[in-house]
Amino acid sequence: MKCPSCGSSETYRKAKHSLIVNCDRCRHIWEVNQVAFPIAQFRLYKSKGAMRGNHYIDVWLCPSDKSKFSFSLRYQSSFNCIFPNPDYPEDPYLKGMFDNPQLAIEAGIKQVYQE
Ligand SMILES: [Zn+2]
């Protein structure tokens, strides 16, 4: 993530779930809308159907209410790792609004089995 003040890429967060980003070069500090890593992750192996294989459910902050949680789904071959995206979710299609991360995971599991 680039600093909006000086354009430097040398930015960091003090915690991976922090919404505060710090610029190492100009010391600018700003707030963003999403955490850098999923708040929770769940891997599900689906053994039947066209979409068989590993499905990953990532839980993020809900874009419209940061006290709630949403999930996104990823589908990958079993050889890929579950390492999180270091900056923002590549998939912006966050779904749902849940009171806690576990509820978001449960809704994601249901959706994987519907596909
Ligand atoms: Zn800066």
Please determine, in degrees from 0 to 90 and to the nearest 10, the orientation of helix 101-114 with respect to the longest principal axis defined by the Cα atoms of the chain, where the helix direction is its Cα long axis.
40
Can you compute the FRET efficiency between K95 and E10 using 1/(1 + (r/R0)^6), with r the Cβ-Cβ distance and R0 = 35 Å? Round to the nearest 0.05.
0.55
Compute the FRET efficiency between C26 and Y75 as 1/(1 + (r/R0)^6), taking r as their Cβ-Cβ distance and R0 = 35 Å, and round to the nearest 0.05.
0.30
Could you work out how much longer the chain between L103 and A50 gets when fully extended? Use 0.36 nm per residue separation minus the Cα distance between them, nm to one decimal.
16.5 nm
Per residue, how many Å² of accessible area does the chain show with a 1.4 Å probe?
62
Indicate the gyration tensor shape class of the chain (rounded, prolate or oblate), computed on the Cα atoms with a ≥ b ≥ c the square roots of the eigenvalues: a/c under 1.5 is rounded; otherwise a/b larger than b/c is prolate and the rest oblate.
prolate
Among the listed pairs K68/K110; K16/K66; K46/K110; K48/K110; K46/K66; K14/K95, those beyond 22 Å (Cα-Cα)
K46/K66; K14/K95
Using a Förster distance of 22 Å, how high is the FRET efficiency between R43 and D65, based on the Cβ-Cβ distance and rounded to 0.05?
0.25
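The values are calculated or read from the model by the stated rules, or taken from the named source; none is laboratory data. All values derive from a computational prediction rather than experimental measurement. Every residue, glycine as well, gets a Cβ built from its backbone with ideal geometry; the counts of neighbours run over all protein chains shown. Keep in mind that these areas ignore ligands, DNA and RNA; they rest on the heavy atoms of the full protein, side chains included. Shrake-Rupley method; radii C 1.70, N 1.55, O 1.52, S 1.80 Å.
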